[in-house]
């Protein structure tokens with residue numbers, strides 16, 4: 001519970017991470033290994049991410065649907081690469097009540113197969129396209145590696161976008177639109193930067209022609225994949241017969257994309273922003289944005305509590321605030337508890353504040369204090385919440401930038417990986433042989449080939465084989 | 001597809017119901033029997049119900065959580081009545097990938113057991129209460145009766161509220177608050193009235209002390225249970241050891257409630273409001289509230305389409321509108337199609353409208369037409385949408401009221417049930433023997449004992465046994 005018992009983030013990141021999630025009441029474990037409980041604060045944060053993303057999807061013309069949780073076994077097997085990617089970790093329903101089912105049902109690990117089987121019947125003509133679908137749901141991937149809350153969960157929540165176009169060009173144009181939406185949500189809601197780029201062929205999604213990702217660097221220097229986007233070309237449309245009559249009246253197969261952001265981002269958010277005192281929740285995602293802590297004794301209790309209520313009123317409806325007037329705990333205990341929970345702003349109200357018609361306001365990110373007049377509390381705290389968000393983003397950006405190192409030689413790459421300094425940005429020939437050798441020898445894979453770094457490899461040699469480089473790739477150990 | 005091929009609602013309600021759901025593209029079937037696809041229009045309606053209800057929950061102090069999809073078998077068995085009620089229809093996960101699980105996992109049919117096992121550890125003192133939790137999720141009940149979209153689905157979406165209080169009084173006070181929220185949502189969003197009352201002991205929820213429900217009368221005169229609320233007393237708190245130290249420092253067991261509204265309501269909405277032309281969607285739940293249909297020929301196409309765009313602009317952002325400029329279909333075909341889909345308002349734009357700077361506006365509920373000036377279109381259509389909602393509710397209320405008949409004799413009750421006239425409201429002694437005999441002999445069960453009818457039984461005799469009546473109960477055939 002207390003700060004003392006938790007390891008420091010800088011000393012034992014993974015222990016700090018799981019302990020802070022539990023201590024802060026952000027999540028709890030469940031009797032099902034790998035499935036966690038989202039408590040009020042984590043579910044609120046996810047719900048804000050979901051609704052903000054959904055608004056942008058709708059503006060872009062992407063609509064929400066809901067397809068079944070279950071996928072009959074024969075459907076899951078329809079696209080070969082896809083089933084190979086997922087079947088080892090599928091949870092199977094075999095019985096209903098006491099009755100054995102005729103065919104096993106997979107709990108969706110992702111919904112391509114169940115969706116496309118059905119949707120193929122909806123599409124007859126080019127006029128039925130584009131069909132841009134999304135769903136917000138729960139999926140199950142029974143990984144046998146050690147589960148980690150949010151980062152590797154057996155059940156998680158996500159969006160799965162599934163869009164269908166008449167032409168390759170239209171499908172391709174969606175990539176930057178969707179990755180733009182994800183980057184906007186990461187920056188404006190989670191205060192997180194990321195590195196956007198293309199995955200290599202060996203790291204792409206099971207069934208995709210090309211995959212794209214936004215990658216984060218975690219505090220331990222390892223990278224983790226965030227939101228992603230997949231160009232599926234005609235792989236699924238041919239397997240599921242998603243065809244249509246084009247403008248010339250000829251049969252054609254559709255082009256498809258898929259994309260996702262998941263509750264994994266909550267883990268990245270906690271990992272990157274938190275400190276030894278606990279969570280630091282970005283203001284827009286905090287279920288309580290400002291906690292008011294009244295400090296009183298027997299003689300002024302009534303007056304201070306009334307003044308705390310006045311402060312809450314002054315904050316107004318648009319700031320989510322809460323008065324912690326629990327008599328069982330001391331103000332000092334409460335300070336620690338709300339810091340642990342990551343509430344962006346603490347407001348102390350005592351005799352001094354009451355007399356001067358002010359409030360003592362402390363921001364969680366820097367722990368800086370200042371006095372605000374009671375009448376300016378709403379405006380002042382709103383401005384402070386914006387400042388906190390901005391500061392959190394800039395700090396995270398600085399961390400990210402300082403953990404991407406150019407490596408023009410294999411020695412440099414090995415040093416970066418060995419000492420967990422983040423990503424080694426290196427010229428690469430494009431050969432999967434070099435990619436896999438580097439992985440074997442260093443433990444680092446290519447997380448992606450950042451869009452904004454392409455071209456830097458010009459005139460350079462592949463860090464492994466010495467042939468002409470074709471790409472600039474980020475190599476890192478990865479979750 | 002066409003109106004001609006569908007049976008009339010008044011002649012074959014159940015055929016009309018399933019066919020109109022498919023024809024209108026509101027839903028589709030899936031390869032998993034009993035699991036349907038929510039297409040854009042039905043998911044949108046559910047999402048509006050979800051978010052409007054969630055706002056009211058949050059105002060009341062109920063917060064959202066998310067608990068795992070899976071329940072280990074030993075947990076499901078912890079409360080005896082509960083497991084007896086649900087285990088016959090549980091979907092069981094037995095394998096993950098190729099590995100047999102050590103213990104079978106139930107897909108949640110409802111989450112009491114997984115939640116209470118975990119939550120019991122969160123509660124130590126009376127200060128930790130009340131704990132008012134909710135979750136929006138999917139549940140699975142593998143009923144072996146014939147599935148019907150929304151009304152009896154094997155997977156459905158719902159809210160499940162789970163609240164925990166220190167005293168029986170506090171728990172009891174929540175009942176009217178939650179039923180009030182559900183009735184408000186039904187009236188203001190779905191344009192549906194209902195009959196609120198208590199269930200009998202033989203009809204209550206598996207594990208509850210008392211259950212309450214809002215019941216609807218369907219077009220075929222059968223009733224269907226809508227949202228419900230259960231007072232669980234200390235049944236679960238004792239089974240799951242949800243105890244705390246009270247203000248005197250003594251160990252006490254908590255009092256609990258649960259409550260739900262589900263996607264079944266979408267089925268009730270379709271059934272009650274629809275007509276032989278198709279769906280009629282209440283305006284607040286319609287993904288398209290106003291469809292603009294331009295009517296043009298080769299000579300005025302450009303001008304009419306530009307004018308249609310002008311009409312859309314005049315409607316403004318707050319009305320969800322769509323211009324159907326698909327050249328492949330005639331205006332007449334489009335009129336039928338959008339009527340089938342239940343869009344509340346149709347706006348025709350042609351040469352005549354262009355010249356007079358007006359629009360021809362047709363409301364879906366009554367098919368009445370009127371002319372509106374282009375500049376007053378936003379205001380005029382907004383007012384019309386309110387009128388449509390109001391009219392839909394009043395019509396549904398009139399239908400409900402005319403399908404509840406007082407039956408002071410058993411002959412009257414039998415006639416009402418036999419001729420599918422709706423509910424027979426009759427005096428009842430409170431004896432479950434009479435209740436079950438009536439069910440055996442007529443097929444009608446007690447749907448609930450309406451709050452607003454209690455007292456009417458005074459001085460009357462039980463319709464079955466002739467003893468003094470204690471309650472006024474609604475008897476009906478029920479889904």
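The values are calculated or read from the model by the stated rules, or taken from the named source; none is laboratory data. Given the structure is predicted, the values throughout are model-derived calculations rather than measurements. Positions of Cβ are generated from backbone atoms using ideal geometry, with glycine treated the same way; all protein chains shown enter the neighbour counts.
Please go through the stretch A:456-475 and pick out each residue that is outside any loop (DSSP other than H, G, I, E, B), surrounded by 15 or more Cβ atoms within 10 Å (Cβ to Cβ) and out of contact with any helix residue (DSSP H, G or I) (no Cβ under 7 Å at 6 or more places or on another chain). I'd like the intermediate steps shown before the answer.
So in the stretch A:456-475, the residues outside any loop (DSSP other than H, G, I, E, B) come out as A:461, A:468, A:471-475.
With surrounded by 15 or more Cβ atoms within 10 Å (Cβ to Cβ) added as a condition, the list becomes A:461, A:471-475.
Of everything in the stretch A:456-475, those that are outside any loop (DSSP other than H, G, I, E, B), surrounded by 15 or more Cβ atoms within 10 Å (Cβ to Cβ) and out of contact with any helix residue (DSSP H, G or I) (no Cβ under 7 Å at 6 or more places or on another chain) turn out to be A:461, A:471, A:473, A:474.
From the list B:363, B:346, exactly one residue is buried (at least 21 other Cβ atoms within 10 Å of the Cβ) and touching a helix residue (DSSP H, G or I) at 6+ places or on another chain (Cβ under 8 Å). Which is it? First the steps, then the outcome.
Working: B:363 fails: buried (at least 21 other Cβ atoms within 10 Å of the Cβ).
From the options B:363, B:346, the qualifying one is B:346.
What is the residue count in the stretch B:366-399 for residues that are surrounded by fewer than 16 Cβ atoms within 10 Å (Cβ to Cβ) and over 25 Å from residue B:275 (Cα atoms)?
Qualifying residue count for the region: 4.
Any residue in the stretch B:210-222 that's assigned by TED's automatic domain parsing to the domain that holds residue B:8 and part of a strand (DSSP E or B): show its pairings with residues that are at pLDDT below 95 and surrounded by 23 or more Cβ atoms within 10 Å (Cβ to Cβ) at Cβ separation under 7 Å, as long as the two are six or more apart or on different chains.
Short answer, once both residue conditions are applied: B:211/B:205.
Kindly indicate whether residue A:353 is at pLDDT 95 or above, touching a strand residue (DSSP E or B) at 6+ places or on another chain (Cβ under 8 Å), on the phi < 0 side of the Ramachandran plot and in a helix (DSSP H, G or I). Give the steps one after another, and end with the answer.
Working: at pLDDT 95 or above: yes; touching a strand residue (DSSP E or B) at 6+ places or on another chain (Cβ under 8 Å): yes; on the phi < 0 side of the Ramachandran plot: yes; in a helix (DSSP H, G or I): yes.
Spelling it out, residue A:353 is indeed at pLDDT 95 or above, touching a strand residue (DSSP E or B) at 6+ places or on another chain (Cβ under 8 Å), on the phi < 0 side of the Ramachandran plot and in a helix (DSSP H, G or I).
If you scan the stretch A:125-144, which residues turn out to be without any contact (Cβ under 8 Å) to a residue 40 or more places away in the chain and either closer than 16 Å to residue B:28 by Cα or more than 8 Å from chain B (Cβ to nearest Cβ) (or both)?
Correct list: A:131, A:139.
Look through A:37, A:20 and report the one residue that is in the same structural domain as residue A:201 (by TED's automatic domain parsing) and in a helix (DSSP H, G or I).
Working: A:37 fails: in a helix (DSSP H, G or I).
When all the criteria are applied, what remains is A:20.
Of the conditions (1) surrounded by 20 or more Cβ atoms within 10 Å (Cβ to Cβ); (2) more than 7 Å from chain A (Cβ to nearest Cβ); (3) farther than 19 Å from residue B:64 by Cβ, residue B:108 satisfies every one except a single condition; which number is it?
Status for residue B:108: all satisfied but (3).
Search the stretch A:27-39 for residues that are free of Cβ contacts under 8 Å to residues at least 24 places away in the same chain and at the interface with chain B (Cβ under 7 Å from one of its Cβ atoms) and pair each with any residue that is part of a strand (DSSP E or B) and surrounded by fewer than 20 Cβ atoms within 10 Å (Cβ to Cβ) when their beta-carbon atoms are under 6 Å apart and the residues are at least 6 apart or on different chains.
Note: pairs meeting the criteria are A:37/A:28.
Test residue A:147 against the criterion of being under 22 Å from residue B:27 (Cβ atoms), away from every other protein chain (no Cβ under 11 Å) and more than 16 Å from the chain's Cα centre (by Cα), and give yes or no.
On the way: under 22 Å from residue B:27 (Cβ atoms): no; away from every other protein chain (no Cβ under 11 Å): yes; more than 16 Å from the chain's Cα centre (by Cα): yes.
Criteria not met by residue A:147.
I'm told residue A:297 meets every condition in (1) within 32 Å of the chain's Cα centre (by Cα); (2) on the phi < 0 side of the Ramachandran plot except one. Can you identify the failing condition by its number?
For residue A:297, the exception is condition (1).
Can you tell me which condition residue A:47 does not meet? The list is (1) over 21 Å from the mean Cα position of the chain (by Cα); (2) within 11 Å of chain B (Cβ to nearest Cβ), and all the others hold.
For residue A:47, the exception is condition (1).
Return the residues of the stretch A:292-305 that are surrounded by 12 or more Cβ atoms within 10 Å (Cβ to Cβ) and either free of Cβ contacts under 8 Å to residues at least 12 places away in the same chain or touching a strand residue (DSSP E or B) at 6+ places or on another chain (Cβ under 8 Å) (or both); say none if nothing qualifies. Give the steps one after another, and end with the answer.
So in the stretch A:292-305, the residues surrounded by 12 or more Cβ atoms within 10 Å (Cβ to Cβ) come out as A:292-296, A:300-301, A:303-305.
Hits for the stretch A:292-305 are A:292, A:293, A:294, A:295, A:301, A:304, A:305.
Tell me, yes or no, whether the stretch A:54-70 has at least one residue that is touching a strand residue (DSSP E or B) at 6+ places or on another chain (Cβ under 8 Å), in contact (Cβ under 8 Å) with a residue 40 or more places away in the chain, part of a helix (DSSP H, G or I) and facing chain B (nearest Cβ under 8 Å).
Within the stretch A:54-70, none of the residues are touching a strand residue (DSSP E or B) at 6+ places or on another chain (Cβ under 8 Å), in contact (Cβ under 8 Å) with a residue 40 or more places away in the chain, part of a helix (DSSP H, G or I) and facing chain B (nearest Cβ under 8 Å).
Quick check on my filter: what residues within the stretch A:445-455 are farther than 13 Å from residue A:215 by Cβ and surrounded by 15 or more Cβ atoms within 10 Å (Cβ to Cβ)? Reasoning before the result, please.
Here is the first cut: in the stretch A:445-455, the residues farther than 13 Å from residue A:215 by Cβ are A:454-455.
Selection gives A:454 alone.
Of the residues A:280, A:288, which is at pLDDT 95 or above, in a loop (DSSP other than H, G, I, E, B) and buried (at least 23 other Cβ atoms within 10 Å of the Cβ)? If you could, list the steps in order and put the result at the bottom.
On the way: A:288 fails: buried (at least 23 other Cβ atoms within 10 Å of the Cβ).
Just a single option satisfies the conditions, and that option is A:280.
Might you let me know whether the stretch B:15-23 holds any residue that is within 10 Å of chain A (Cβ to nearest Cβ) and surrounded by fewer than 19 Cβ atoms within 10 Å (Cβ to Cβ)?
The initial filter retains those residues of the stretch B:15-23 that are within 10 Å of chain A (Cβ to nearest Cβ), namely none.
No: the stretch B:15-23 contains no residue that is within 10 Å of chain A (Cβ to nearest Cβ) and surrounded by fewer than 19 Cβ atoms within 10 Å (Cβ to Cβ).
Only one of (1) at the interface with chain A (Cβ under 10 Å from one of its Cβ atoms); (2) more than 21 Å from the chain's Cα centre (by Cα); (3) over 19 Å from residue A:43 (Cα atoms) fails for residue B:153. Which number is that?
(2)
Residue-wise test of (1) touching a strand residue (DSSP E or B) at 6+ places or on another chain (Cβ under 7 Å); (2) more than 26 Å from residue B:190 (Cα to Cα).
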| site | (1), (2) |
| --- | --- |
| B:211 | yes, no |
| B:230 | yes, no |
| B:270 | no, no |
| B:277 | no, no |
| B:283 | no, no |
| B:290 | yes, no |
| B:307 | yes, yes |
| B:312 | yes, no |
| B:318 | no, no |
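As an exercise: evaluate residue B:91 against (1) at pLDDT 95 or above; (2) under 20 Å from residue A:36 (Cα atoms) and give the number of the one condition it does not meet.
The single condition residue B:91 does not satisfy is (2).
Within the group B:122, B:92, which residue is at the interface with chain A (Cβ under 10 Å from one of its Cβ atoms), closer than 23 Å to residue B:30 by Cα and either without any contact (Cβ under 8 Å) to a residue 60 or more places away in the chain or surrounded by 22 or more Cβ atoms within 10 Å (Cβ to Cβ) (or both)?
Numbers: B:122 fails: closer than 23 Å to residue B:30 by Cα.
Going through B:122, B:92 in turn, just one is at the interface with chain A (Cβ under 10 Å from one of its Cβ atoms), closer than 23 Å to residue B:30 by Cα and either without any contact (Cβ under 8 Å) to a residue 60 or more places away in the chain or surrounded by 22 or more Cβ atoms within 10 Å (Cβ to Cβ) (or both): B:92.
Going residue by residue through the stretch B:341-348, is there one that turns out to be part of a helix (DSSP H, G or I), in contact (Cβ under 8 Å) with a residue 24 or more places away in the chain and in contact with a strand residue (DSSP E or B) (Cβ under 7 Å, 6 or more places away or on another chain)?
Narrowing the stretch B:341-348 to residues part of a helix (DSSP H, G or I): B:341.
Remaining after also requiring in contact (Cβ under 8 Å) with a residue 24 or more places away in the chain: B:341.
With in contact with a strand residue (DSSP E or B) (Cβ under 7 Å, 6 or more places away or on another chain) added as a condition, the list becomes B:341.
The answer is yes; a qualifying residue exists.
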